[in-house]
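**Student:** Supplied in structure tokens, the structure appears directly below.
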Amino acid sequence: MAVPLLLALCLFLPPVSASLSLNPADLLLWDGVSLFSRGDWYEARDRLLGALRSLREVRGAKLRCAAQCGLRGARLEEAVLERAECLGACERLELGEPSRYRLTQETERSFHKATPYNYLQIIHYKLEELNEAAAAAFTFYLRNPHHEQIKDDVQRYRTMKGVSKQSFRDLEEPHHMVLYSRAVSLLSEGKLSNGVWRLEESLALYLSALEECRSLCEGTREQENEEHRDISEVIAEYYIQVLQCKQRCVLEGSLGQKRSRENIIISHLALLEEGYTKLEKWEAAAQITQSLLLFYPHNETILGRLSEYERTLQGRSSTKPRESIAAYVSQSLLEKKLLYYAMENLGISFQDPDLWTPEEIIPESLRETVRLEREAEEQRGADLPYEEVTVTMTPKQMNGTMRVTMDGVISKEECEALLGLAQEAAGSGEGFKDRRSPHTPHERIQSLGVRQALQMASSGSVNSSQAQLFYQTSERARVLAEVYFGTESLHFSYTHLVCRTAIEGKQEGRTDVSQPVHTDNCVLDTEEKKCWREPPAYIHRDFSGLLYLNEDFQGGNLFFTEMDGTTITAELHPSCGRLVLFSSGGENAHGVRAVTGGKQCAIELWFTKSAEHAEQTSSQSKALVRDRDEPQESTEGETTRNRRVSGRSGRETVAAGDATSSDPERPSGRTHQKRAARKFTDEL
Ligand SMILES: *[C@@H]1O[C@H](CO)[C@@H](O)[C@H](O)[C@H]1NC(C)=O
Ligand SMILES: *[C@@H]1O[C@H](CO)[C@@H](O)[C@H](O)[C@H]1NC(C)=O
Ligand SMILES: *[C@@H]1O[C@H](CO)[C@@H](O)[C@H](O)[C@H]1NC(C)=O
């Protein structure tokens, strides 16, 4: 993080006023941050709001200039030079010297992640502007859903008096999304004409936002070391960058829909078609269907619907696709063709953001690669929040559904530390009793729950940083399950660290398994090939996870079977940092092969969607972990986390502006956690 560094620069600017010329967004931002850290809330608020405004205005000016300076001129060279001259003059007039408002990558990233809103939420809170605070927090949260602190903060605002429900809104929501959501609810209430009309409005707005985004792609480009190169090489490279940027625009402005990767135009068209059919406006429906066919020209279902509408119309009119959409599709296809050409012949990389791209335009030599990438992408669902983690086996590769393997979830050192914890717990005599495996006489089994580990740490019988690592690691697995399966909040149902040891001298001719085939939330009936989600199964469990800590043992493979309990569909060997996640139902019946030599250790986790069934200890464990002063698992901690101030104990981590940490309503949730932790300690 370069924030502290930039803090040192401390740029002081005159107060912003609309009539003055525009102050550059980055100066305002970093100035605001520095005022924030000094607790100058009013000034900091003005600077940060000013930064957001400045950003919008620069964008607006650039758009106006781009629209004003079209490509004219008889020859290409002439046209390009003229446009360059026109743009330069126009932007200078509107904004001043280009270097003034050009953002560094660092600043651009901050704006992209909506960082100013994280500062603003605290500032508004300090100024007792609770509704504004909630809105700013919510806006930041939407763009940083894995940021632990902001999750807690939003939760706190929800329970605060004086914060209205309407405050939880996205301050940066594109207007078309507002209209789209409104249209969807109107349609679901059966208000057809009104809903369709809003949808049309929203589609028009989206198309123009898309055009704006695309036109901004022709801005400045990152400069690399320029060697002596051929002019066409340089032009091609720049042109390719512009095309890639334009293609990526479909990913912008679609927060709610990002995950499904459904093209926004297509979602609009599908709803419009439905609306017009219900309204029996066949001509309009046919026109929409024609537009939809631009994306999927060979789809039999859509073609069938079109001929129905045309039959109803009895040739009274001939319909064509919407012009605006036809123009967009043909332009986008042209860009894709060029990019695939460059991919094949110039070795550039191009990740097609669209799922509708027809196979014909992909060069034959690339089809297989592109298909595999697309499949992996579809399966991956969402970007994983931890850089080191990769999906190594998709559900398809594991021959099933709702099952996935990820590697790199924890490092070698972390595996070692957790194995150390198991060792220590076993030696302490408190928990982790060594017992015969309930499944086989050839193995011993030991297990240690999270809460138990934290308790032992607080009484000093195990290493406390290792116990905390245990908790943080489970939390990491929980977040990964949430993200990968795209589900609402998951809670811990139960978590423990388990080691299975082969008993020496008792391994000859073993035919048993370490754990027989079973399912985690239903009673498996292998004869009927059904699974009954009823007691005595743990019916509230929704997802299961196994995080392996080592690989130096014999046997111990995990395998999945069909519901007959015998047909094996997938099998895999554990390794340090490998996490297998799967839904807990009959579709993921599984077992563990005999451990025939050495000791296998893993963290076993079960998650539930139901808050009532959340492991009682989990929030308390969290509190206990938080309350210790060790640094947290690093999140994208922007404001409150990354500045340390020496507190009473000399080790306390507090937010910079947190002069009033006794403030009971401070939205960080810290005080609340402390209280929970105290209760927890009392219980011991
Ligand atoms: C055709 O489009 C419909 C939606 O209109 C979709 O449900 C279906 O999966 C598509 N078929 C194919 C083969 O892509
Ligand atoms: C506790 O565990 C950590 C991580 O494994 C290790 O670095 C540290 O030295 C241990 N502390 C003690 C007191 O053993
Ligand atoms: C999935 O099935 C294929 C073919 O039967 C097999 O080769 C592959 O190993 C299986 N995948 C796993 C993870 O076991």
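**Student:** Could you tell me whether any residue of segment 158-167 is touching a residue at least 24 places away in the same chain (Cβ under 8 Å) and within 22 Å of the chain's Cα centre (by Cα)?
**Tutor:** Looking through segment 158-167, none of the residues is touching a residue at least 24 places away in the same chain (Cβ under 8 Å) and within 22 Å of the chain's Cα centre (by Cα).
**Student:** With (1) open to solvent by 30 Å² or more (accessible area, probe 1.4 Å); (2) over 22 Å from residue 289 (Cα atoms) as the list, and residue 323 as the residue in question, which single condition is left unmet?
**Tutor:** Result: residue 323 passes all but (2).
**Student:** Mind listing whichever residues of segment 523-537 are surrounded by 12 or more Cβ atoms within 10 Å (Cβ to Cβ) and either in a loop (DSSP other than H, G, I, E, B) or among the aromatic types (Phe, Trp, Tyr) (or both)?
**Tutor:** 526, 529, 532, 533, 537 - these are the residues of segment 523-537 that are surrounded by 12 or more Cβ atoms within 10 Å (Cβ to Cβ) and either in a loop (DSSP other than H, G, I, E, B) or among the aromatic types (Phe, Trp, Tyr) (or both).
Here is a yes/no grid of residues against (1) β-branched (Val, Ile, Thr); (2) farther than 25 Å from residue 197 by Cα; (3) at pLDDT 95 or above:
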site	(1), (2), (3)
273	no, no, yes
281	no, no, no
298	no, yes, no
314	no, yes, no
318	no, no, no
325	yes, no, yes
329	yes, no, yes
340	no, yes, no
343	no, yes, no
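**Student:** List every residue pair whose Cβ atoms lie under 6 Å apart, where the two residues are 6 or more positions apart in sequence or sit on different chains, the first residue falls within segment 278-298 and is basic (Lys, Arg), and the second residue, located anywhere, is open to solvent by 10 Å² or more (accessible area, probe 1.4 Å).
**Tutor:** Hits for this filter: 278/192.
**Student:** If you scan segment 26-80, which residues turn out to be open to solvent by 30 Å² or more (accessible area, probe 1.4 Å) and among the acidic types (Asp, Glu)?
**Tutor:** Selection gives 40, 43, 46, 57, 77, 78.
**Student:** Under 6 Å between Cβ atoms, which residue pairs at least 6 apart in sequence (or on different chains) link something in segment 556-573 that is open to solvent by 70 Å² or more (accessible area, probe 1.4 Å) with a partner that is more than 10 Å from ligand 3 (Cβ to nearest atom) and among the polar types (S, T, N, Q)?
**Tutor:** Taking only residues 6 or more apart or on different chains, the pairs are 568/561.
**Student:** Quick test for you: out of 591, 598, pick the one residue that is over 15 Å from residue 502 (Cβ atoms) and more than 16 Å from ligand 2 (Cβ to nearest atom).
**Tutor:** 591
**Student:** Exactly one condition in (1) assigned by TED's automatic domain parsing to the domain that holds residue 268; (2) over 17 Å from residue 268 (Cβ atoms) is false for residue 152; which is it?
**Tutor:** The single condition residue 152 does not satisfy is (1).
**Student:** Which of the residues belonging to segment 180-200 are among the small types (Gly, Ala, Ser) and touching a helix residue (DSSP H, G or I) at 6+ places or on another chain (Cβ under 7 Å)? Spell out the reasoning first.
**Tutor:** At the first step, the residues of segment 180-200 found to be among the small types (Gly, Ala, Ser) are 181, 183, 185, 188, 190, 193, 195.
Correct list: 183, 195.
**Student:** Here's something else I'd like to know. Which residues, counting only those in segment 529-587, are among the hydrophobic types (A, V, I, L, M, F, W, C) and either modelled with pLDDT under 90 or over 30 Å from the mean Cα position of the chain (by Cα) (or both)?
**Tutor:** Within segment 529-587, the first condition is being among the hydrophobic types (A, V, I, L, M, F, W, C), and the residues that meet it are 531-532, 537, 539, 543, 546-547, 549, 553, 558-560, 563, 568, 570, 572, 576, 579-582.
Hits for segment 529-587 are 531, 532, 537, 539, 553, 563, 568.
**Student:** Quick one: which helices (runs of 4 or more DSSP H) sit completely within segment 412-522 and have at least 1 residues that are open to solvent by 10 Å² or more (accessible area, probe 1.4 Å) and not assigned by TED's automatic domain parsing to the domain that holds residue 567?
**Tutor:** Filter on segment 412-522 gives an empty set.
**Student:** Next question, about the same structure. If I go through segment 278-297 residue by residue, how many of them are among the polar types (S, T, N, Q) and within 12 Å of ligand 1 (Cβ to nearest atom)?
**Tutor:** 1
**Student:** Filter segment 298-315 down to the residues that are open to solvent by 60 Å² or more (accessible area, probe 1.4 Å), more than 10 Å from ligand 1 (Cβ to nearest atom) and of a type outside the set (S, T, N, Q) and list them by number.
**Tutor:** If the condition is that a residue be open to solvent by 60 Å² or more (accessible area, probe 1.4 Å), more than 10 Å from ligand 1 (Cβ to nearest atom) and of a type outside the set (S, T, N, Q), then 308, 310, 311, 315 are the ones that fit.
**Student:** Of the residues that sit in segment 483-521 and are on the phi < 0 side of the Ramachandran plot and without any contact (Cβ under 8 Å) to a residue 40 or more places away in the chain, which one is farthest from ligand 2 (Cβ to nearest atom)?
**Tutor:** Here the residue is 511.
**Student:** Return yes or no: is residue 349 assigned to a helix (DSSP H, G or I) and either within 37 Å of the chain's Cα centre (by Cα) or within 16 Å of ligand 2 (Cβ to nearest atom) (or both)?
**Tutor:** No.
**Student:** A further question on this structure: Condition test on residue 97, is it open to solvent by 40 Å² or more (accessible area, probe 1.4 Å) and under 30 Å from residue 32 (Cα atoms)?
**Tutor:** It is true that residue 97 is open to solvent by 40 Å² or more (accessible area, probe 1.4 Å) and under 30 Å from residue 32 (Cα atoms).
**Student:** Report, by residue number, each residue of segment 257-278 that is over 30 Å from residue 143 (Cα atoms) and open to solvent by 50 Å² or more (accessible area, probe 1.4 Å). Before you say what the answer is, go through the steps one by one.
**Tutor:** The first filter runs over segment 257-278 and keeps only residues over 30 Å from residue 143 (Cα atoms), leaving 273-278.
Residues satisfying the conditions are 274, 278.
**Student:** Considering 419, 480, which residue is at pLDDT 90 or above, within 31 Å of the chain's Cα centre (by Cα) and within 14 Å of ligand 2 (Cβ to nearest atom)?
**Tutor:** 419
**Student:** Let me ask you something else. In segment 569-590, which residues are assigned to a helix (DSSP H, G or I) and more than 14 Å from ligand 3 (Cβ to nearest atom)?
**Tutor:** Residues satisfying the conditions are 586, 587.
The values are calculated or read from the model by the stated rules, or taken from the named source; none is laboratory data. Note that this is a predicted model, so its numbers are computed, not measured. No Cβ is skipped: glycine too gets one built from the backbone with ideal geometry, and neighbour counts run over all protein chains shown. Accessible surface is based on the protein model in full, side chains and every heavy atom, while ligands, DNA and RNA are left aside. Shrake-Rupley method; radii C 1.70, N 1.55, O 1.52, S 1.80 Å.
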